[in-house]
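Q: First the structure, which I've put down as structure tokens, then a few questions once you've had a look.
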Amino acid sequence: MKLIIDDAHIDQIKKIYEFYPVDGVTTNPTILAKSGRQPYDVLKEIREFIGAEAELHVQVIARTAEGMMEDAHRIRKELGENTYVKIPSVQEGFKAMKLLHNDGVNITATAIYTPMQAFLAAKSGAAYAAPYINRIDNMGYNGIQVARHIHDIFRNNALKTEVLAASFKNSQQLLELCEYGVGAATVSPDVIFGLVKNQAITSAVDDFIADFEKLVGAGKTMKDC
Ligand code: E4P
């Protein structure tokens, strides 16, 4: 399962890249608004930092298929042709997906709440389909189960599309999909930083160091003995 950062704050992205094994960055219009910067300014900075080959996902804003295609072409012009264009999985979106897929555009179908949306997006040529785990949970359904159904639908229909699960609020949600082997998950920095935030883990490491220092002296490590 690929692990992707769902954020547009460059300082957070740099920090996560330094410490964690991540595979790219996703954004959406709300995330861009939270950055407080002009869209292409922040997106170009992200692209420059993660490199030309890394996955960057950027959403269209237009409501019509024609407008979505114009947005998609501008996104690719500004950020590189391998940029994944996120398209809402609605009627106009499916039309845009089909046309863009024929042009060789990488598509991430987004705003997915139901398996049927994902199935139609996959048939329309999306490389990824992004179900919103936590938002589905908040509606009273089971987001993890929806993502699993979508994964199974793709496999049972020989569709190459992968699940890119989105909208996580905790590490348990992420772990369940990791265990199931979905293609990718995109996760906000606060959830990523919380993945191994655990007093037991911290204490175990602290105890090892304290024991070693008793043996060889405070502040000493293996290189010092
Ligand atoms: C991804 O495609 C979505 O834009 C995003 O993950 C939604 O996350 P949220 O429910 O935390 O806003």
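All of the numbers you see were taken from the coordinates with simple rules; none came from a lab. Being a predicted model, the structure only gives us computed values, none of them experimental. A quick note on method: Cβ atoms are made from the backbone with ideal geometry, for glycine too, and the neighbour counts reach across all protein chains shown.
Q: Sort 163-170, 181-188, 6-13 by the packing proxy (mean of other Cβ within 10 Å over each peptide's residues), most packed first.
A: In decreasing order of mean packing, 163-170, 181-188, 6-13 become 163-170, 181-188, 6-13.
Q: Here's another thing I want to ask about it. Defining a contact as two alpha carbons under 8 Å apart and six or more residues distant in sequence, what relative contact order in percent does the stretch 113-225 show?
A: Once divided by the residue count of the stretch 113-225, the mean separation gives 21 percent.
Q: With only Lys, Arg, Asp and Glu charged, each at its Cβ (+1 for the first two, -1 for the last two), find how big the charge dipole of the chain is about the Cα centre; round to the nearest 20 debye.
A: Dipole about the Cα centre, nearest 20: 520 debye.
Q: Through the Karplus equation 6.51 cos²θ - 1.76 cosθ + 1.60, θ set to phi - 60°, convert the phi angles of the stretch 215-224 into ³J(HN,Hα) values in whole Hz; use x for Gly and Pro.
A: The phi angles translate into 6, 10, x, 4, x, 8, 10, 4, 6, 8 Hz.
Q: Angle, helix 171-180 long axis vs. longest principal axis of the chain, Cα atoms, 0 to 90°, nearest 10?
A: In the chain, helix 171-180 runs at an angle near 70 degrees to the longest axis.
Q: How long, wide and thick is the stretch 98-225, going by the Cα atoms along their three principal axes, in whole angstroms, largest first?
A: 67, 36, 24
Q: Suppose we take every Cα in the stretch 2-105 and form the convex hull; what volume per residue is that in Å³?
A: 95
Q: Over the stretch 75-142, what is the mean sequence separation of C-alpha contacts under 8 Å (at least six apart), divided by residue count, expressed as relative contact order in percent?
A: Computed value for the stretch 75-142: 28 percent relative contact order.
Q: What is the distance in Å between the Cα centres of the stretch 24-65 and the stretch 164-204?
A: Each part's Cα centre sits 22 Å from the other's.
Q: Can you give the angle from 0 to 90° between the axis of helix 143-156 and the longest principal axis of the chain, with both taken from C-alpha atoms, to the nearest 10?
A: 60
Q: Pick out which of Ala204, Ala158, Ala147 has the largest mean-square fluctuation in a Gaussian network model of the chain, springs linking Cα atoms closer than 10 Å.
A: Residue with maximal mean-square fluctuation among Ala204, Ala158, Ala147: Ala204.
Q: Same structure again: Could you state the angle between the C-alpha long axis of helix 65-79 and the longest principal axis of the C-alpha atoms of the chain, as a value from 0 to 90 degrees rounded to the nearest 10?
A: Here the helix axis deviates by roughly 40 degrees.
Q: Expressed as a rounded percentage, what relative contact order does the chain have, with Cα pairs under 8 Å and six or more residues apart?
A: 16
Q: Another one. With a 10 Å cut-off between alpha carbons and a GNM built on the chain, which of Met97, Met139, Met116 moves the most?
A: Met139
Q: Please arrange Ser124, Ser171 by how many other C-beta atoms lie within 10 Å of their C-beta, fewest to most.
A: Ser171, Ser124
Q: Any idea what % of Cα-Cα pairs in the chain are farther than 33 Å?
A: Of the Cα pairs, 23 percent sit more than 33 Å apart.
Q: Which trypsin sites (Lys or Arg not before Pro) from the stretch 1-104 combine a DSSP loop assignment with at most 13 other Cβ atoms within 10 Å?
A: Here the trypsin sites (Lys or Arg not before Pro) that fit, given the DSSP loop and packing criteria, are Arg63.
Q: Express the C-alpha Rg of the stretch 1-44 as a ratio against the empirical globular expectation 2.2 N^0.38 Å, rounded to two decimals.
A: Normalised by 2.2 N^0.38 Å, the Cα Rg of the stretch 1-44 equals 1.14.
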